[in-house]
2 protein chains.
Amino acid sequence: MNIALLGFGVVGGGVYELCRKRTDLSLRRVLVRSDKPEIASIATRSFDDILSDPSIDTVVEVMGGIHPAKEYVCAALNAGKHVVTANKALIAACYDELIALARKNGVALRCTAAVGGGIPWLINLERVKRLDSLSQVGGIMNGTTNFIMDAMHAAPVSFADILKKAQELGYAEADPSADIDGDDIRRKLAISANIAFDTALSETEIPTFGIRTVTDGDIASFQRRGFVCKLIATALRCEDGVCAFVEPTLVSRQEPEAAVPANYNLITYTADAIGRQSFFGQGAGRFPTAANVVQDCLDVLGGKTAFYSVPSAAAKLCADAVAHPYYVRTAVMDPWLTSITADHWEGGVITSAVPVGQMLRWAKERLAADPTCFIAGIR
Amino acid sequence: MNIALLGFGVVGGGVYELCRKRTDLSLRRVLVRSDKPEIASIATRSFDDILSDPSIDTVVEVMGGIHPAKEYVCAALNAGKHVVTANKALIAACYDELIALARKNGVALRCTAAVGGGIPWLINLERVKRLDSLSQVGGIMNGTTNFIMDAMHAAPVSFADILKKAQELGYAEADPSADIDGDDIRRKLAISANIAFDTALSETEIPTFGIRTVTDGDIASFQRRGFVCKLIATALRCEDGVCAFVEPTLVSRQEPEAAVPANYNLITYTADAIGRQSFFGQGAGRFPTAANVVQDCLDVLGGKTAFYSVPSAAAKLCADAVAHPYYVRTAVMDPWLTSITADHWEGGVITSAVPVGQMLRWAKERLAADPTCFIAGIR
């Protein structure tokens with residue numbers, strides 16, 4: 001297999017290292033934005049060099065972002081080249097369009113590393129779908145937020161202090177919003193749900209609440225009652241479509257999610273025949289992510305031309321199809337919250353079962369009036 | 001694919017049900033030992049009916065036991081038929097011989113369901129090996145013992161009482177020895193280690209200590225110190241070979257193994273590029289196990305002819321290459337145990353780091369003199 005690599009950042013460098021050790025994968029060109037002396041002989045700043053080279057059969061896209069990655073991927077597919085990508089923004093936004101293009105051109109489009117970094121998640125989801133009927137996907141799909149929540153349970157520490165530590169360790173970005181507000185995990189959930197259920201949900205329509213406002217007082221209150229709080233993504237098949245949401249979630253200390261340490265992920269599907277299966281591992285990082293990219297190349301090399309799914313007509317997002325109790329901490333009660341309050345913990349109230357969509361809409365509005373408000377679903 | 005099924009028990013019935021729903025897998029014959037009215041039209045008591053039928057391209061063996069399963073599998077391979085098996089006794093005992101025979105005949109031999117029931121364990125182990133270098137495999141690989149240990153941590157209960165309950169629920173056999181003495185998990189470890197490290201370890205040489213002698217007092221003592229006790233299998237690549245062992249193990253409450261509930265399994269590998277990855281799910285049961293069998297058929301149908309590994313010359317088992325502290329409870333101290341005692345808990349002593357092989361040899365001998373003796377490695 002003759003590969004051109006688009007991008008030479010953290011993941012691209014890892015792909016380069018892993019390919020160097022192999023005789024079956026030959027890395028012929030690397031598209032770069034600045035000089036890279038260590039790969040001078042194969043680096044180029046022109047995508048046309050790659051597109052017009054008939055010896056290159058596979059393009060590996062690890063640039064990230066939608067543009068120009070999308071234009072490059074489409075051009076490669078149209079030129080009859082296989083594409084392997086780790087780009088979750090691109091896959092979440094354009095999955096059905098790109099799959100159709102790959103199909104039309106008789107080439108493969110694979111994106112295992114787009115969800116779960118080094119975890120063999122999408123490839124096992126694809127495998128289980130061949131035989132079984134999936135009812136649920138989701139889990140702990142963001143390592144940054146799990147690192148923060150895990151640390152806040154290990155010892156009393158403020159969110160601001162532990163976020164700063166995560167940034168120092170390289171687990172959180174300088175602008176941490178995409179992680180702590182739940183956009184990153186929501187994106188991975190959208191890709192997973194669309195593959196699991198053959199749907200075409202848009203990531204932005206999935207109701208989401210992040211962990212930015214959690215306090216050490218909240219955590220102490222949860223721990224006193226045997227709960228652990230994690231940011232969890234959930235998508236379930238329901239009668240009229242898919243119920244999908246992202247929210248801080250209280251799980252019992254005995255649940256597998258409760259014991260996910262540091263920046264690890266635990267991603268789960270449930271299917272009729274095999275029941276629940278979960279995948280634990282590093283959801284990010286240079287070599288784990290690069291390994292899934294190179295594994296995709298090996299699958300293409302082995303003749304794997306099947307696609308992860310065939311998106312059907314857009315399914316309805318039914319966020320109110322599931323209801324459960326919530327922990328809600330807000331500076332000021334309102335009549336609706338009072339009407340559903342069933343219990344009081346130290347800093348917050350416990351509600352009766354509330355439809356998830358309804359609570360997440362309320363919480364989003366409430367954040368405007370009370371920027372310290374925090375909620376957590378109780379599983 | 002035209003399939004003949006050998007065996008129509010718990011798993012065989014599940015394979016039959018899953019195949020019935022598909023058009024790509026046609027179940028043509030079923031080898032039975034007694035009349036099965038529901039499959040009268042395809043049942044036979046003669047393996048020759050299957051062997052001599054050229055329309056049958058794949059034999060699925062779910063009889064269990066080594067004889068006559070081995071003779072049937074060898075005959076099928078020699079007749080140019082693919083073989084899919086869930087038979088861990090057969091694979092543990094004859095893996096290299098059967099793989100060589102499959103290779104010679106240009107057919108597939110797949111056995112994903114032989115380890116981990118419905119968990120996609122061996123197939124992911126095979127995948128990671130294509131690219132990465134494995135350093136460790138193992139974990140919670142027996143659901144019966146995990147059910148017992150989980151229940152003993154949830155509420156004070158004697159081993160005898162919870163074993164009886166597990167038998168009533170169908171989680172433990174009438175003769176529970178193979179599960180509680182560790183033979184079943186040891187067998188799964190041998191298969192996994194041999195595939196991971198291209199070795200040919202014999203299951204019986206792996207030092208093993210089961211959970212038969214654990215008491216509610218032991219568990220209370222562990223919990224008081226933040227530990228959870230699980231029966232864990234471990235195989236590590238070491239300088240001179242493979243260090244493999246099975247023993248009750250104390251893990252911190254924060255470890256993923258600590259939160260494996262009921263009869264679930266959590267099986268783990270560690271490799272250079274991707275780090276630690278674990279697989280959680282049902283390690284037994286009709287439909288989970290049957291699903292992995294049928295998935296193997298789909299892989300063969302899709303042209304997957306590769307084998308899980310190529311066993312090399314027998315690797316040395318080095319059980320003393322790893323050392324760690326132990327909890328030891330025995331009615332009578334002896335000079336060796338006294339010489340390594342570093343601490344005292346309620347009912348037992350804590351040792352300094354002891355080579356695993358040495359401790360497991362000592363414990364096995366000690367059981368003859370003190371049948372109540374219990375030990376647990378401290379990770």
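Derivation of every value follows stated rules applied to the coordinates shown; laboratory data play no part. This one's a predicted model, so the numbers in the text were calculated from it and none came from an experiment. No Cβ is skipped: glycine too gets one built from the backbone with ideal geometry, and neighbour counts run over all protein chains shown.
Relative contact order for region A:2-110 using alpha-carbon pairs under 8 Å, separation at least 6, rounded to a whole percent?
Relative contact order of region A:2-110: 25 percent.
Arrange the following residues from fewest to most other Cβ atoms within 10 Å of their Cβ: A:62, B:242.
Fewest-to-most Cβ neighbours within 10 Å comes out as B:242, A:62.
Out of the GluC sites (Glu not before Pro) in region B:1-62, which ones are loop residues according to DSSP with at most 15 other C-beta atoms within 10 Å?
none
In whole angstrom, note down how far apart the Cα centers of region A:210-280 and region B:151-184 are.
Using only Cα atoms to place each centre, the spacing works out to 30 Å.
In whole Å, what are the extents of the protein assembly as shown along the principal axes defined by its C-alpha atoms, from largest to smallest?
70, 64, 60
Residue of B with Cβ nearest the axis relating B to A, plus distance in whole Å?
Checking which Cβ lies nearest the axis yields B:259, 2.
Given label points at 7 Å from Cα along Cα→Cβ, what nm distances, shortest first, separate residue A:24 from the same residue in every other copy?
2.1
Once you compute Rg and the Kirkwood Rh from C-alpha atoms, what is the Rg to Rh ratio for region A:2-110?
Radius of gyration over Kirkwood radius for region A:2-110 works out to 0.94.
Using the number of other C-beta atoms within 10 angstrom as an exposure proxy, rank A:39, A:3 with the fewest first.
With the fewest neighbours first, A:39, A:3 line up as A:39, A:3.
Are there trypsin sites (Lys or Arg not before Pro) in region B:11-114 that DSSP puts in a loop and that have at most 16 other Cβ atoms within 10 Å, and which ones?
Answer by residue number: B:21, B:22, B:33, B:45.
Can you give the calculated 222 nm mean residue ellipticity of chain A, where each DSSP H run of n ≥ 4 adds -39,500 (n - 2.57) and the sum is split over every residue, rounded to the nearest 500 deg cm²/dmol?
Rounded to the nearest 500, the figure is -11000 deg cm²/dmol.
Distance check, please: which entries in A:70/A:188; B:21/B:70; A:304/B:81; A:21/A:70 exceed 20 angstrom between their Cα atoms?
B:21/B:70; A:304/B:81; A:21/A:70, as the Cα separations exceed 20 Å there.
Can you tally the net charge around residue A:85? Count Lys and Arg as +1, Asp and Glu as -1, for every other residue whose Cβ sits under 11 Å from the Cβ of residue A:85.
Net of charged neighbours comes to +1.
How many partner chain Cβ atoms sit within 10 Å of a residue's Cβ in peptide A:287-300, on average, as a whole number?
Per residue, the average neighbour count from other chains is 3.
Give, rounded to the nearest 20 debye, the magnitude of the charge dipole that region A:40-94 has about its Cα centre when Lys and Arg contribute +1 at Cβ and Asp and Glu contribute -1 at Cβ.
Approximately 220 debye in magnitude.
For residue B:129, list the aspartates and glutamates whose Cα falls under 14 Å from its own Cα; do not include residues on the same chain fewer than 8 positions away.
A:296, A:299, B:198, B:272
Hey, got the average number of other protein chain Cβ atoms within 10 angstrom for residues in A:267-275?
5
Two-decimal Rg/Rh of chain B from alpha-carbon positions, Kirkwood Rh?
Rg divided by Rh gives 1.00.
Sorting A:260, B:128, A:15 on the 10 Å Cβ count, fewest up front, what's the list?
The most exposed by this proxy come first: B:128, A:260, A:15.
Relative contact order of region B:104-181, please, whole-number percent, based on alpha carbon pairs below 8 angstrom and at least 6 residues apart.
21 percent
Expressed as a rounded percentage, what relative contact order does chain B have, with Cα pairs under 8 Å and six or more residues apart?
Result for chain B is 19 percent.
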